Structure formats: structure tokens, C-alpha cells
Amino acid sequence: MSTANIGSIAPFPPLPGQPYPPARNHPRWKELYRLHDEWMMKYWPFSSENKRARVPFNNLAGFSTWCAPAADFDRMVWGARIAGVFFMADDYVDSGKMLDRIPGFKKAATGNGPLHKNDRAERCHDVVFRAIQATCHPRTFKQLTECTHEWWDSNIHEPFQNLDQYLAVRRVNIAMYFANAYFRYTLNINLTDEQVKHPLMREAEGIISGTTLYPKRLRSTFAHESISDHVGLTNDLFSYAKERLTSSDDTNVIRILQDHEGLTYTQAIDVIKQKIRQKEQDFISAGIAVLQHPELGKDPEVYRWIASLPYCMGGNIAWSQEVRFFPLVHSIDPLDRAIIQTGRYNIGDAPGGVPFPSLEYALEVTPADELVDDSEETALRDNVFNVEDIPAPDFSLDVDPIDDPDAQGHMDSTVFSGPDADKYVPSPELFNVGILAMIVESGPDMTYHSNGAIVRAGWSQ
């Protein structure tokens, strides 16, 4: 395992006047966004160059950097990439209904190589999981694999017939237990299985993952009132417009409230916002219950994790609304700027009376000792975004046959480390993608070397 440099975390329970739930991006977020985008653009099997060019405008790395702003930089490089890979894979399975991809993605999550050696999507999963495995506590990696499998197993794609079915599934299939596992890796928090699975801990994490809905008209219809997730409802709140455009809104709570509660879009939005705010307060009680437990409460790692979880709430809300100001290329006024909607979900107002929603969040100031000079990254970022024709969102499906060498190419992914890493390089084409890690050679014979500091990936077509 590698050493980790962890940033500051706000006190918990929150002090009077303290931003809650806090929203703060990682101090090196621009660099993390770039490293994520370059890697994804190079290795993910996009079906069109327009979709590849759109990657920097999706801010996919921001989910991780906003939700875990105190994370170790080197670990967050792979934390951001694992999230990006899962966003892409989720589109395969969600919009494309390609359930046949799930076994391969599950196999790659074990750290033992992909199921289909020539499948580039599986290769991307394989690389990120083994890069994390190389610097991760074995117990934490095992938890990550288990939560990943749990999430994939929850992916059912028949349209929900009622709200009860939706609520029963949502806590798991929002993928926050999986995300929490890799957040713990980026924060170098290593909990025991007993701690992670303790009912009090599971409830605290479940509140972060969601919100309780009490459907008035359906209350007498269902046997119990289920829990959905804070992150899940935030996701549904901001992703509805995009999912509606891609005909993948059948599992979105806004659609369900309209279909089964008879609510208008605006009414459904208001219900969801109220429940999101409710759960932010519910988490304080749930977190205190964990810390007051005679066994859980005496472990400083448990405290650090509970204090880190509110950032998932505030950070996810901030990231979901993330936009960028773009200079107007043809304007003579250098201060003339336009807001271009960017992000995975922020596509602006959708046709049919679906305005993009907004939700307030509490910004937290980056600690002074964590501030960095990011002028070079700012210049690189400005150069990427200073374009006349910004790629339009492309909601077509990335559909590639499994294990087809002609369609997929072959990805020899190698993670190198150490001052003499180059002598271990088996491929003539290497690309430095930065990270503390061990050598992880992606081939029939897996080799591992320790004490390293560089990650490289080779690709042959």
C-alpha cells in the first residue's frame, strides 16, 4: 500500500454556522479532471468522435472530487477514473439495456483480469480496479468488489410497476455503497467488515444514498414506507431531463411520481427537494448514533468516515449543477462570457416543459494550507474550452460487440511504478498517466512489482 496525503474534514456534528452539508471541490480538481478526461478519451470505446470530444464537457471526474475533497491526490486519480468508467458502463446497461455486459464488468472488478480479453470496456474496468488494488488495503478492496457486484446485481430494467418496487431497489442500485467503498480508498479509511455492515453504519450510509418518500395517495396501497437515497433523489432530480430524452426515465422517481401520484413535473420536483432537505437533517441523528455506539464510536477511523459522508450530499448537489463560463469567441469584449450548460446531467432545459432544476448548497472554503498554484492547469483547461463549436450532447448508444478483436482492438494496459519502471515495460507504446501504484501488467501472465510512483498504460491496435 502507498502512503496518503489527506486533507481537512469539517467537524461532525456540524458546529453552529458551519456549512452543512458542506460542498467543497478538491484543491487540485482541475488536474484531476484533466487526467480523468485524457485517460477516458484515450481508452474508452466511444462509438463516435463527437462523443469522445464531449468528454471534457461532462465533468465526470467532478462527482468524485466534490464528494471526497479531502482525498489523497494520487488515489483520487483512480477514484475519478473508476467513477468515469462506471458512468459509461451504466449508460451501456441503463440506456442500452445490455445486461449481457454485466458478467464481464463483474469479473473485471475482482482484480483478476477481464472476462473477455479483447473487450475494451472491460479492459478499462480491469485497469482501474487493479490500479486501486495495488495501493489499497486488501480488506477495503474486497469491500469495493463486493459492493460493485451488489450494484451490478441490482440492475433490473423492467419498468417499475409501482413506487414500492422502486423504493425497495433504489438504495442499492444508485451505486452509492460502491462509491462509498472507493471514497474510503481515496481517503485512506480502512474499516472492518463488521463496521461497514453494522446496522447503524448501514443506515447512516443509506441516508446519504437517499430520502424517505411518503406517497400520500399510495400510502394505503403499500405495506411499508421504504427508504430511497439522498444521492439517489438528487440524481433523479437532475438527470430526469436527460433520461427523458433518451427514453431511460422509467426508473426515475420524477416519472414514477407523475405516473402513480398524478403529480405535475413541478410538484414532483418540490416533493423531492423537501425530502432531500429532510435527509440532510436525518443524517445528523444517524451519524451521532454511530459515534455514540460503544464499539463503533471509539474508532477514530469510524469518526473520520462519518465526518466525510456529508460531503457526498453537498458535493453531489454542487457537481450536478456544475457549469462553465465560456468566452464568446466572436465578441470584442474580453469580459463578454456566456454560460454553456455542461456536465453529465446539466443539459439545460429540455423540450416539453422540463426546465433544468436548481437546488442550493453550502460552499465550504478550501483550507489555506491546501491551496495550490493551478495557473498551468487553468491555462490548459481554458485552451480546451476556448472553442468556437462546443460538441453538442450525443445521447446515442455506445454499442460494441463483446470479445471482437476487429471491433475492439486490444488493450495492453500496464501500470508501472518505481524509478526503474521503464525496464519492466513490455510494450513499445507507453503513456504516462500519473499515480502512485505497483506494476500491473495486463496480459496472460500478471506480474507485480512494488514501491512505485508512475502509472503507464500501453495500447496496441
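Read the figures in this text as sums done on the coordinates, not as results from a lab. Since we're looking at a predicted model, the values are computed, not measured. Cβ coordinates were reconstructed from backbone atoms using ideal geometry, including for glycine residues, and neighbour counts include every protein chain displayed.
Some notes on this structure:
- Under the simplified labelling scheme, the residue 38-residue 18 pair shows an inter-label distance of 3.7 nm, with each label point 7 Å from Cα along Cα→Cβ.
- A simple count of charges around residue 293, restricted to other residues whose Cβ falls under 13 Å of its Cβ and scoring Lys, Arg +1 and Asp, Glu -1, yields -2.
- Segment residue 349..residue 285, full-extension length gain: 19.4 nm, with 0.36 nm per residue of separation and the alpha-carbon distance subtracted.
- Residue-count net charge about residue 276 - beta-carbon cut-off 13 Å; Lys, Arg +1, Asp, Glu -1: -2
- Prolate is the label for region 1-144, because a/c, from the alpha-carbon gyration tensor with a ≥ b ≥ c as root eigenvalues, is 1.5 or above and a/b exceeds b/c.
- In this simple spin-label model, placing a label point 7 Å from the Cα along the Cα-to-Cβ direction at both residue 363 and residue 154 gives a separation of 3.2 nm.
- Entries of 197/298; 197/242; 51/279; 30/279; 30/107 with Cα pairs more than 26 Å apart: 197/242; 51/279; 30/279; 30/107
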